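In what follows, a structure is listed as structure tokens, so that the remarks can point back to it.
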Amino acid sequence: MPDQQKVVTIERHIIEGERAHPGATGHFSGLLRDLTLAFKVIWREVSKAGLVDILGAAGQTNVSGDDVKKLDVYADEVIYKAMDHGGHLCVMASEENEDVLHIPDQYPTGRYALLYDPLDGSSNIDANVNIGTIFSIYRRISPSGKGRLEDCLQSGYKQVAAGYVIYGSSTMLVYTTGDGVHGFTLDPSIGEFLLSHEDIRIPKRGKIYSANEGNFHRWDENLKKYVQYLHEEDKNTNRPYSQRYIGSMVADVHRTLLYGGIFMYPADKKNPEGKLRLMYECNPMAFIIEQAGGRASNGKQRILDIQPSTLHQHTPLFIGSEEDVALAEEFIQGKR
Ligand code: P6P
């Protein structure tokens, strides 16, 4: 048999990963498989979004008379309906919904809680900019039966898995279960996510910084000093850094993961706690970046150590290469 490159689907990768965990029951791999199906359904609709003039915009009815939903509302429903009956979850929480989402009474409840941002950056879709789905999985802490808010309001270091899907020219699923970070590229011809980036490691230091500098004058003075430091000429420290900002977190963090550097959404006078959500955006991305050898903080504290108080709370975010984020923290804390 010729030595063909092993084709690893995400399902195979999950099962092989679970076999490495003694006592694994298969619940976890079943959960991730159900989630992967939801991503494929969302991909199918997102990839048609460019045809909105033909298919109709949100709030209209399409050629077959169906109501066209906003894509983020559609994605939210797809994930909930894909996950509500598998018996793996006791509760869900979505960035699109104020309160936790309970499992319907007719279905069994399981041992995990799922938090997700169904379509982050969806305001960019009309410009054909990459958008994404972000998810976090925690082990339940309530005893049994219907899950509760406490199952969702856990510090990020308690995540058992996290990941994102970036929908674009090629659609990728990147996830971690605490054993490194792995990327899968969707092969539309067979509808499978195939392993394309095994054990992704973020460079220790990069030469790209990513922030919305339109907010520069609202930033803290120490942070301004850090960004001005990045602007200075110094070949030994690869400065000036290049500035890249897509305005879609999944795309900016994905580039940072692969190329290194730092992505930041700081607090500012308009958003004193920052704009990004701790539970739906920052915790999952922090778990992924740390698993790839990087760092994620709010400028003073490790993101994954923050004890959440509300489902939709915001946090400032500095995430990326270990040395870049550590240097940003030194400036922010007035040590440079
Ligand atoms: P701004 C998209 O709306 C989002 O939630 C993130 O995906 C993105 O990083 C951020 O907001 C962009 O915010 O204020 O720069 O437009």
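The values are calculated or read from the model by the stated rules, or taken from the named source; none is laboratory data. Predicted, not measured: the structure shown is a model, and the values here were computed from it. So basically every Cβ, Gly included, is an ideal-geometry build from the backbone, and we count neighbours across all protein chains shown.
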Would you mind stating whether SER144 is outside the structural domain of MET279 (by TED's automatic domain parsing), closer than 13 Å to MET279 by Cα and not β-branched (Val, Ile, Thr)?
no
Qualifying residue in segment 228-242 (condition: outside the structural domain of VAL165 (by TED's automatic domain parsing), touching a residue at least 12 places away in the same chain (Cβ under 8 Å) and within 15 Å of the ligand (Cβ to nearest atom))
no
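Conditions (1) under 25 Å from THR9 (Cα atoms); (2) surrounded by fewer than 16 Cβ atoms within 10 Å (Cβ to Cβ); (3) touching a residue at least 12 places away in the same chain (Cβ under 8 Å), marked per residue:
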| position | (1), (2), (3) |
| --- | --- |
| CYS152 | no, no, yes |
| ILE190 | yes, yes, no |
| LEU195 | yes, no, yes |
| ILE200 | yes, no, yes |
| ALA211 | no, no, yes |
| TYR226 | no, no, yes |
Is there a residue in segment 146-161 that is touching a Pro at 6+ places or on another chain (Cβ under 6 Å), away from the ligand (no atom under 16 Å from the Cβ) and modelled with pLDDT of 95 or more?
yes
Is it true that GLY121 is in contact with a strand residue (DSSP E or B) (Cβ under 7 Å, 6 or more places away or on another chain), outside the structural domain of VAL250 (by TED's automatic domain parsing) and within 14 Å of the ligand (Cβ to nearest atom)?
yes
Residue satisfying all of: in segment 187-227; of a type in the set (Ser, Thr, Tyr) and in contact with a helix residue (DSSP H, G or I) (Cβ under 7 Å, 6 or more places away or on another chain); farthest from the ligand (Cβ to nearest atom) among these:
TYR226
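A quick yes/no check of all residues on (1) modelled with pLDDT of 80 or more; (2) farther than 23 Å from MET92 by Cα:
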{"position": "PRO2", "(1), (2)": "no, yes"}
{"position": "VAL8", "(1), (2)": "yes, yes"}
{"position": "HIS13", "(1), (2)": "yes, yes"}
{"position": "HIS21", "(1), (2)": "no, yes"}
{"position": "GLY26", "(1), (2)": "no, no"}
{"position": "ASP34", "(1), (2)": "yes, no"}
{"position": "LEU37", "(1), (2)": "yes, no"}
{"position": "LYS40", "(1), (2)": "yes, no"}
Selection count, segment 142-185, where residues are closer than 22 Å to THR109 by Cα and aliphatic (A, V, I, L, M)
5
Identify all residues within segment 97-128 that are surrounded by 15 or more Cβ atoms within 10 Å (Cβ to Cβ), in contact (Cβ under 8 Å) with a residue 40 or more places away in the chain and in a loop (DSSP other than H, G, I, E, B); write none if there are none.
VAL100, ILE103, GLY110, ARG111, GLY121
Which residues, counting only those in segment 245-277, are on the phi < 0 side of the Ramachandran plot and more than 13 Å from the ligand (Cβ to nearest atom)?
LEU257, LEU258, TYR259, ILE262, LYS269, PRO272, GLU273
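Residue-by-condition table, conditions (1) over 18 Å from HIS85 (Cα atoms); (2) among the charged types (D, E, K, R); (3) within 15 Å of the ligand (Cβ to nearest atom):
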site	(1), (2), (3)
ASP105	no, yes, no
THR109	no, no, no
LEU114	no, no, no
ILE131	yes, no, yes
ILE134	yes, no, yes
ILE141	yes, no, no
Would you check which residues across segment 309-336 are among the charged types (D, E, K, R) and touching a helix residue (DSSP H, G or I) at 6+ places or on another chain (Cβ under 6 Å) and list them?
ARG336
Among residues of segment 144-165, those that are of a type outside the set (Gly, Ala, Ser), part of a loop (DSSP other than H, G, I, E, B) and either farther than 23 Å from LEU311 by Cα or in contact with a Leu (Cβ under 8 Å, 6 or more places away or on another chain) (or both), counted:
1
